[in-house]
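See structure below.
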Number of protein chains: 2
Amino acid sequence: MAERGGPDAVVLREATRRAGVTPNAAYRHFADRGALLRAVSDVCQGRAADTMEQHVDSVIGASSSVDAVGDAAGDAVCDAAVDARAMLRAVGTGYLAFARDEPGLFRTAFSVPDQLANSFDTAKAGAAGRTPFQILSAALDAWAAAGILPPERRANAELYAWSAVHGLGMLVIDGPLRGLSAQMIDGATARVLDMVERGL
Amino acid sequence: MAERGGPDAVVLREATRRAGVTPNAAYRHFADRGALLRAVSDVCQGRAADTMEQHVDSVIGASSSVDAVGDAAGDAVCDAAVDARAMLRAVGTGYLAFARDEPGLFRTAFSVPDQLANSFDTAKAGAAGRTPFQILSAALDAWAAAGILPPERRANAELYAWSAVHGLGMLVIDGPLRGLSAQMIDGATARVLDMVERGL
DNA sequence: ATGGTATGTGTACAATGTAAACAATTGCAC
DNA sequence: GTGCAATTGTTTACATTGTACACATACCAT
């Protein structure tokens with residue numbers, strides 16, 4: 001239901017109908033519709049994490065193989081920086097790919113009020129066990145380790161990178177940027193990630 | 001109704017109740033609930049524009065008076081750059097101030113699917129006649145004119161700056177960043193704007 | 001005067017969330 | 001094994017919402 005229709009479409013009675021039970025049976029499992037929606041939202045965040053991991057993995061794999069083929073041992077630092085940048089971009093593109101491929105799930109994932117403290121809740125984790133926030137966090141740790149993110153800027157950097165990418169996602173799927181061509185969206189994605197890379 | 005409760009709270013029957021007419025009278029003015037919501041959304045964008053103009057004006061006023069007092073004629077270019085940066089920051093802080101002060105209106109303003117082409121619709125304009133998009137656009141024009149935004153990066157720059165600020169707004173008001181202290185939010189706002197300034 | 005347009009009313013129906021009381025099933029203690 | 005308590009589901013009921021259809025009224029122009 002969330003997949004097509006977003007959060008507003010996740011409806012208690014329809015859920016029970018699909019489950020083959022009467023409407024009120026739902027109240028044995030969820031306090032109210034809000035609780036159901038929160039549970040669905042958590043699952044959606046897990047799905048987002050899956051897409052992000054997938055993008056990160058593909059980049060890591062590619063980068064490693066290239067490293068293995070033609071490199072001397074001198075520029076390990078440079079490699080770390082290149083890898084860190086690629087990883088953060090993969091996190092961003094994965095996030096936005098999820099938004100574009102599954103707009104209903106994306107909107108459901110982030111349409112329910114939450115607290116930053118819950119960003120580590122395992123209920124929001126993907127198959128790999130990490131939540132979207134943790135995936136982003138790891139990419140920024142890699143930046144810091146590679147020395148391309150000054151320590152004084154590391155604090156809360158998740159929020160700033162996240163804001164940029166999340167904003168683009170929202171504007172694209174149900175904001176004023178909807179209906180842009182795929183190329184336009186690809187371009188905007190690249191440019192927003194450029195901005196984040198330069199600006200973090 | 002939008003003010004407290006956001007888009008979900010703008011309800012057709014309640015509106016007619018407050019207007020003192022029967023529910024179906026609404027259908028003489030709006031095709032359906034969606035049309036009503038779109039109209040409300042436009043008004044909300046106008047309110048956002050008002051807040052943004054207000055922030056921009058206060059900055060322009062301050063900057064001009066400083067200029068008038070103690071300057072030779074040499075660094076007009078520098079002044080233009082300083083002004084342009086201040087203006088863009090004011091646009092961003094205004095946008096986020098609106099999100100924080102009127103979260104219901106903010107969510108209503110941007111929760112209805114729209115097209116970029118409609119971003120100039122006068123229905124979305126504030127008292128000064130400009131829509132939020134146009135206000136942002138003007139600030140970026142000032143950047144370009146001051147020479148601090150390379151021409152090849154000017155195209156669609158609205159989208160990138162907007163994404164960053166919009167994302168922070170969404171995360172703060174009903175995303176995982178809700179409940180952050182006012183200082184935290186102020187800090188995050190400043191840092192996101194730093195990122196935009198460096199990254200555009 | 002008359003006819004058309006704008007606006008509002010009355011009645012009606014389907015869908016939703018949710019409360020309260022009741023029933024069936026399950027698991028465990030004795 | 002028996003009985004009790006927790007778990008899960010059902011039935012009935014109600015308020016609220018969006019919306020369709022037919023009907024009424026007021027006003028304005030010809």
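Points to keep in mind about this one:
- Qualifying positions in the range A:4-26 - within 21 Å of B:Asp174 (Cβ to Cβ), of a type outside the set (Gly, Ala, Ser) and either open to solvent by 50 Å² or more (accessible area, probe 1.4 Å) or assigned to a loop (DSSP other than H, G, I, E, B) (or both): A:Asp8, A:Val10, A:Val11
- Of the criteria (1) more than 11 Å from every other protein chain (Cβ to nearest Cβ); (2) in a helix (DSSP H, G or I); (3) within 20 Å of B:Val56 (Cα to Cα), which one B:Gly126 fails: (2)
- If you go through the range B:10-39 and keep only what is within 14 Å of DNA strand C (Cβ to nearest atom) and within 14 Å of another protein chain (Cβ to nearest Cβ), you end up with B:Val11, B:Arg33.
- For the range B:135-158, the set of residues classified as open to solvent by 50 Å² or more (accessible area, probe 1.4 Å) and free of Cβ contacts under 8 Å to residues at least 60 places away in the same chain consists of B:Asp141, B:Pro151, B:Glu152, B:Arg153, B:Ala155, B:Asn156, listed by residue number.
- A:Glu158 satisfies every condition listed in (1) within 14 Å of another protein chain (Cβ to nearest Cβ); (2) over 12 Å from the mean Cα position of the chain (by Cα) except (2).
- Residue match in the range B:38-45 (condition: touching a residue at least 40 places away in the same chain (Cβ under 8 Å), of a type in the set (Lys, Arg) and part of a helix (DSSP H, G or I)): yes
- Check on A:Ala109, open to solvent by less than 40 Å² (accessible area, probe 1.4 Å) and either within 11 Å of chain B (Cβ to nearest Cβ) or not in a helix (DSSP H, G or I) (or both): yes
Each row is one residue, and each column tells you yes or no for (1) modelled with pLDDT of 95 or more; (2) hydroxyl-bearing (Ser, Thr, Tyr).
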| site | (1), (2) |
| --- | --- |
| B:Ala72 | no, no |
| B:Phe106 | yes, no |
| B:Ser119 | no, yes |
| B:Ser163 | yes, yes |
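- Yes/no for B:Gly129 being more than 23 Å from A:Arg191 (Cα to Cα), at pLDDT 95 or above and open to solvent by 30 Å² or more (accessible area, probe 1.4 Å): yes
- Residue in the range B:32-41 that is more than 26 Å from the chain's Cα centre (by Cα), within 16 Å of DNA strand D (Cβ to nearest atom), surrounded by fewer than 18 Cβ atoms within 10 Å (Cβ to Cβ) and at pLDDT 95 or above present: yes
- Criterion (more than 11 Å from DNA strand D (Cβ to nearest atom) and either more than 28 Å from A:Val82 (Cα to Cα) or under 19 Å from the mean Cα position of the chain (by Cα) (or both)) met by exactly one of A:His29, A:His55: A:His55
- Pairs with Cβ under 6 Å, 6+ apart, first in the range A:84-106 and in contact (Cβ under 8 Å) with a residue 24 or more places away in the chain and part of a helix (DSSP H, G or I), second of a type in the set (Ser, Thr, Tyr) and surrounded by fewer than 19 Cβ atoms within 10 Å (Cβ to Cβ): A:Ala86/A:Ser63
The values are calculated or read from the model by the stated rules, or taken from the named source; none is laboratory data. All values reported here derive from a predicted model rather than from experimental measurement. As a convention, Cβ positions derive from the backbone with ideal geometry for all residues, glycine included, and neighbour counts pool all protein chains shown. Just the protein is used for accessible areas: all its heavy atoms, side chains included, with ligands, DNA and RNA removed. Shrake-Rupley method; radii C 1.70, N 1.55, O 1.52, S 1.80 Å.
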